[in-house]
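Read through the structure below, which is laid out as structure tokens, and then see the notes.
Bear in mind these aren't lab numbers, they're just calculated from the coordinates by the rules spelled out. All values derive from a computational prediction rather than experimental measurement. All Cβ positions, even for glycine, are placed from backbone atoms using ideal geometry, and neighbour counts span all protein chains on display.
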Amino acid sequence: CEKEWDIREDWDRIMMRKLFFLLLSLGLLTQATAAAGQKIGLVLSGGGSRGAAHVPVLEMLDSLQIPIDYIAGTSMGGLAGALYAVGYTGKEIRN
């Protein structure tokens, strides 16, 4: 049971690092692409209950006012992406 908890903590730590670097990369990418007139695409993965991790990313994109031109996703990511694409904000999706 203790080993299972350690694996869970490691998984959470890894996912938080990935989320941090994703948001950092998107911020830097937005700076670079704004000058070049390029488009931004967002791909959201599946993952069942872990699909809820997409919501904080969408909320951060909203707060940073990063416009998403293209969005794609599978499973839970597809559902979150569809809601975001039709105009729901990250906060509205959370609720």
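Which number do you get for Rg(Cα) / (2.2 N^0.38 Å) in the chain? Write out the running numbers ahead of the final one.
Working: Rg = 14.7 Å, N = 95, 2.2 N^0.38 = 12.4 Å.
The reported ratio for this selection is 1.18.
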Discussion item. So, R0 is 41 Å and r is the distance between the beta-carbons of GLU9 and VAL86; what FRET efficiency does that work out to, to 0.05?
Written reply: 0.70
Discussion item. Give me the percent relative contact order of segment 2-94, please, defined on Cα pairs under 8 angstrom at least 6 residues apart.
Written reply: 28
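For GLY90, what is the net charge nearby, where nearby means another residue's Cβ is under 11 Å from its Cβ and Lys, Arg count +1, Asp, Glu -1? Intermediate results must be reported in sequence, preceding the final value.
Numbers: positive: LYS91, ARG94; negative: GLU59, ASP62, GLU92.
Local net charge: -1.
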